[in-house]
Amino acid sequence: MPALSDPAHAHGDLERTPLLPNTQRPAEESTMAPSSSTSDRADALPLIARSSFTGPAALLAQAGLLLATLTLWRVLYTHPAGLFTYHPGLQSIAVLGFLEGILLLQPQPPTAAHKRKGLQLHQVLQYSSLVAIVAGAAFIVYNKAIHGAKHIQTWHATFGLITLALIALQITFGALVVYSPLQRWVGDEGKAKALWKYHRMSGYATLLFLIATPLLALWSDWLVGNSSRLERGLIGAGLVLAGVGAFARVQTSKLGLKRS
């Protein structure tokens, strides 16, 4: 009983709990305490959803995302540009999804059941956002190709290419440390868990590029020619607020640092 009231002990147990359930457990084990298990699973989704809006930093991030996304989509609606429109549209969806996937795991879920549910939602958002950002990149590449325009001529394009590479590496890294069949590539489950903090670190590094890339787009010829200074200012302010809110919620203890 004393161990249950010890925050440090409980926190350590939670960190050692696998993010994904063990699918090789005996059938009879999965039938034990059905009401409690079902309750945990049922409560996980709304709790994780609420965690994305808990605290001033979370609200700041959500407000920033809403401001940037709605302002950009207003510009796209009032100034349609054929195939090109899909590029900023899909990229904005990707930025929204990637950030929401980060916010819902800040702070760390309080129980193992909520932690597993949080990871499942995190994966859905990250994989869906990956599809969106790759599709958005494909549209701009195709649009430039059919118009005979040169590629990678601006800082926005350069940062975009770097961001795509970082996202691909980040998702691959995440799969290696989470999925049991892949953990053998890093040694074993214990070694994989020890790498979680590096997945978090690289994730926040990727987030910097994910925010910087659309900020650089504010000086692109198309956006300058089809939006007001106020609209560009609102998009930029929204992105900065979203980034500040997300980084303000970082648990430094989860990165191997002393403070939490």
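Any read-out appearing in this document is the output of simple, stated calculations on the displayed coordinates, not a laboratory observation. Predicted model only: the values in this text are computed from it and were never measured. Here the Cβ positions follow ideal geometry from the backbone for every residue, glycine too, while neighbour counts run over all protein chains shown.
Points worth noting:
- Pairs of lysines in segment 57-255 (C-alpha under 27 Å apart; 8 or more residues apart or interchain): 11
- Likely footprinting exposure, Val240, Val178, fewest C-beta neighbours within 10 Å first: Val240, Val178
- Each residue in Ser227, Ser128 was given a count of other beta-carbon atoms within 10 angstrom of its own, and listing them fewest first yields Ser128, Ser227.
- Put in line by how crowded their Cβ is, counting other Cβ atoms within 10 Å and starting with the fewest, His114, His79, His87, His151 read His151, His79, His114, His87.
- Comparing Ala94, His122, Pro109 along the charge dipole axis of segment 57-255, the residue lying farthest to the positive side is Pro109, per the Cβ-charge model.
- Restriction of the trypsin sites (Lys or Arg not before Pro) in segment 197-249 to DSSP coil positions whose beta-carbon has at most 12 other beta-carbons within 10 angstrom yields no sites.
- FRET efficiency for Leu169 and Ala138, using Cβ-Cβ distance with R0 set to 22 Å, rounded to 0.05: 0.70
- Centroid-to-centroid separation of segment 156-177 and segment 215-245 [C-alpha atoms, Å]: 23 Å
- Placing a pseudo-label 7 Å from each Cα along the Cα-to-Cβ vector at Phe53 and Leu182 gives an inter-label distance of 3.2 nm.
- Cα-based values for segment 75-183, radius of gyration first and Dmax second, are 16.8, 54 Å.
- Taking 7 Å steps out from each Cα toward its Cβ at Leu216 and Tyr198 produces label points 2.7 nm apart.
- Over all directions, the projected convex hull of the C-alpha atoms in segment 57-255 averages 11.7 nm² in area.
- Charging the Cβ of each Asp and Glu at -1 and of each Lys and Arg at +1, and nothing else, the dipole of segment 57-255 about its Cα centre rounds to 420 debye.
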